[in-house]
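Have a look at the structure below before the remarks.
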C-alpha cells in the first residue's frame with residue numbers, strides 16, 4: 001500500500017456489532033474472527049525496527065546477498081540454507 005503523505009503507518013480494522021432492528025446480542029466469538037491490517041511503508045526510516053525490516057524485505061531494491069548481510073548486521077537474523 002502506498003504510504004499516506006510518505007509516512008509509515010499501521011491501521012487495524014475490526015468488525016463490531018450494531019443493532020439495526022431489535023436488540024439481539026450475538027456472542028462476540030461468532031463474528032469477531034476476522035480483522036484487517038493495513039501496513040503502509042513510508043519513504044524514510046523510522047524508529048520502529050519491524051517497519052524497517054518490512055521496508056528492507058518489500059521495498060528495498062538491494063540484491064538478495066545485500067539483504068542477507070543487512071538482516072545479519074542490523075537485525076541479528078541469520079539465514080540458513082534449506083536442503
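Taking the 0 to 90 degree range and rounding to the nearest ten, how far is the long axis of helix 49-58 tilted relative to the main principal axis of the chain, both from C-alpha atoms?
With both axes taken from Cα atoms, the answer is about 70 degrees.
Using alpha-carbon pairs under 8 Å, 6+ residues apart, how would you state the relative contact order of the stretch 1-69 in percent?
40
Rg(Cα) of the chain divided by 2.2 N^0.38 Å?
1.66
Helix 64-75 against the longest principal axis of the chain: what's the angle in degrees, Cα atoms only, rounded to the nearest 10?
Tilt of helix 64-75: around 70 degrees.
Can you show me the helix-derived [θ] at 222 nm for the chain, built from DSSP H runs with n ≥ 4 at -39,500 (n - 2.57) apiece and divided by the number of residues, rounded to the nearest 500.
Working: 2 runs with 22 residues, N = 83.
After summing the helix terms and dividing by residue count, I get -8000 deg cm²/dmol.
Quick note: the coordinates plus some simple rules give every number you see, no bench work behind them. Note that the structure is a prediction, hence the values are computed from the model and not measured.
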